[in-house]
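Encoded as structure tokens, the structure appears first; notes follow it.
Taken together, the values in this text are just the output of simple stated rules run on the coordinates, not laboratory data. Remember, predicted model here, so these are calculated numbers, not experimental data. Neighbour counts run over all protein chains shown; Cβ positions are idealised from the backbone, glycine included.
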Amino acid sequence: MNFDRLKLVLMDARIGATIALSGFLILMLVPLPPSMLDLLITFSLMLSVGLLLTALFLRESHEFFVFPSLLLITTLFRLGLNIASTRLILLGGASGQNAAGAVIEAFGRVVMGGNYVVGGILFLIFSIINFIVISKGSERVAEVSARFTLDALPGKQMSIDADLTSGMIDQEQARVRRQELQREAEFYGAMDGASKFVRGDAIASLLIAFVNLLGGALIGALQHGMTLSEAASRFSILTVGDGLAAQVPALLVSTAAGLVITQVGGDNNMARELVRQLGSDRKIWLLTASIFGVFGLMPGMPSLAFIGAAAVFAAAAWFVPTLAADDLDAEDRTEERPPALIERPADLEIVLGLGLLSITGEQEGGGLLRRLKRWREDFARTWGFWLPVVSVHDDQRLASRAYEIRAHGVVLAQGELRPNRMLALDTGQLSEVIVGDPASDPVFGANGWWIPRDQQRDAERKGAVVVPPAVVLLTHLTEIITPRMQEFFGRATLRALLTDLRDQGYTELDELVPAPLDYGRLLSICHALLAERVPLTGLRTIIETAASICAVSANAAVAELVEAVRQALSSQICSRLADPERRISVLTLAPDVETALARVADQTGSSGEIALLSEHIGRLLPSLREKISAPEGPPSAILVSPAVRRPLRNVLAHALPDLPVLSLREIARGFSIETRGTVGFA
């Protein structure tokens, strides 16, 4: 026989649950021998003690999230034992007091002490304690806990979203917190229902004991010729024993349920917290011992009991606080971690002066955290990848109304806001003068005024554009981050995008990446596209185009791959540059300029670009700047031949970073060209 295979089968949770359910049915329907009943009652006691100890050492109530289900299972198990024991008591109780097993007989004889009236009273006391005190209290606490947990759920979810938006946690930590929050809500909701089973179990035990006693007396008197007194005496021992064998585990499980529900969250389990909190002050123990010592010295009082209790508390005054201190020292040593030598700055930060903290909320033109979350979503939708979480925090070294935008600890931009005002911007078409504190738009330098919030409608009527301070800050953030967004696109971001493609069913991905297209070249292609503000929303096209070239030419240069990818993305590129009529306004190069640039572009490596920069850029830039500043507005791009596009773009990236350079091969079908002028050497 293959024991390893049998072990695997038995360890399967589904098979185990099926066996347990079948066992419950057998327990209720098939007569059991007394020895088997003894074993099962003992197992019930052990299980209840285990549940009680587990509840005592829990750190958080919802950590024991299977407990509501266990309550139902143990209740069903005890009811099955009651049915099995009732069958044995009524069928064999007249023949002897061990008819229902040794455990039930022992419970009956030890508790009753030979007096079945005393035994019945003790059984009733056990049942009352379980039913009225513990079960009823646990039920009420479970109901209140479920209600308060559900009421607090929206606020906790908003807190998680706020922490995520402010950069205190990342996406994975937020997902884990939401799962814990959902599990906590489901746990208390389940405990609210499961507590009803505990209460019902206590009621059922009382009724079953009454049925056993009444049925046993009738069977003994009518079927076995006993007197009513003799039948009641014989069956009462078994009935009380059976009741106690059921009530003791039920009492322990009810106590465990009460401990789980009343558990207050903390860093330690309940046992450790008891020692820590009770041993926090030695004076309490000494004062209690003194009070009982005085009672013991009073005439007529039991001196031995009171003075003995006082001595115990006096000893505890010395030992318990010491034990608590040792426990805390051990915990501190366990949780001690080596400090970080240098705190790593966040990838992206918004640092606020203390006077601007109010704009993070929903008042005073704020809502910064909520708007920031939406801003990241819009950015990811536009450019095809997620920026790092933006950390929002204050810095008392800044001026009260100042802010800074930082990346990797470096200040990229700064400005000043008015938290309780709105910024009215001059559009050049104001019908009336706007009264307010003069200001300047930190992004575009437009003139404006900080005005009270209640004057927004009036300023808009006069022709101004009015924005809250949080929008001003996010607009500034957009203008600062967009030109350098490739700096925030790393290998981890690339792998996350590839994982998303696989999850979306792109099964061919593993045939293309990392071979023939390796991660390094794919990352460089993405960097080059983002540097020219080409979104990565067409990542599948990017991968397939580059991989098809690498499959033929394993050593293909990244520059060659980028140009091929741009041509494959021509529709996407043109859509971003065209007007609503699908026209792209461009500048073109004079033939002599094209010829000169093409000749220099034939040089290899970066030396060609350096030569181009030193020889021609000085003569070309004045004409370019003149055309860009024309009254009809700047063109959408400069249109050149494919051979010239890349080196020209590399040079203009520093002088005119906002001017796209478009190749003739990148004009997609359906788009027309509107030439604004021709650029020649000055």
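Per-structure values
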quantity	calculated
Prolate/oblate/rounded call for segment 21-89, Cα gyration tensor, a/c under 1.5 rounded	prolate
Pair Thr507, Leu222: separation of 7 Å Cα→Cβ label points (nm)	7.3
Alpha-carbon centroids, segment 377-437 and segment 178-237: separation in whole Å	69
Qualifying trypsin sites (Lys or Arg not before Pro) in segment 614-682, DSSP loop, other Cβ atoms within 10 Å at most 12	Arg669
FRET efficiency estimate (nearest 0.05) - Cβ-Cβ, Arg109 to Asp170, R0 45 angstrom	0.10
Point-to-point label distance, Ser22-Thr382, nm (Cα→Cβ direction, 7 Å offset)	6.4
Segment Tyr519-Leu357, extension gain: residue separation times 0.36 nm, minus the distance between their alpha carbons	54.2 nm
Karplus 3J(HN,Hα) series, Hz, for segment 33-50 with 6.51 cos²θ - 1.76 cosθ + 1.60 (x for Gly, Pro)	x, x, 5, 5, 5, 4, 5, 5, 5, 4, 5, 4, 4, 5, 4, 5, 5, x
Spacing of the two label points (7 Å from each Cα toward its C-beta) at Leu150 and Thr541, in nm	5.0
Cut-off under 5 Å, modelled amide H: who pairs with Ala439 long-range	Gly448, Trp449, Trp450
Förster radius 45 Å - calculated FRET efficiency between Asp395 and Ile129 (Cβ-Cβ, nearest 0.05)	0.15
Cβ crowding within 10 Å averaged over residues, with 452-463, 522-533 ranked highest first	522-533, 452-463
Label zone at Glu674, where the point sits 7 Å out along the Cα-to-Cβ direction: segment 618-635 residues whose backbone N lies under 18 Å	627-635
Amide hydrogen neighbours beyond the local backbone of Leu412, cut-off 5 Å, H modeled	Ile405, Arg406, Ala407
Average silhouette area of segment 348-482, convex hull of alpha-carbon atoms, in square nanometres	8.2
Sites Thr595 and Lys627, calculated FRET efficiency, Cβ-Cβ separation with R0 22 Å, nearest 0.05	0.65
Highest-first arrangement of 402-409, 495-502, where packing means the average Cβ count within 10 Å	402-409, 495-502
Difference of contour (0.36 nm per residue) and Cα-Cα distance, Lys283 to Leu207	22.4 nm
Additional length obtainable on full extension of the chain from Glu560 to Ile83, 0.36 nm per residue less Cα span	163.5 nm
Rounded, prolate or oblate (a/c below 1.5 giving rounded, otherwise prolate when a/b exceeds b/c) for segment 631-681 by Cα gyration tensor	oblate
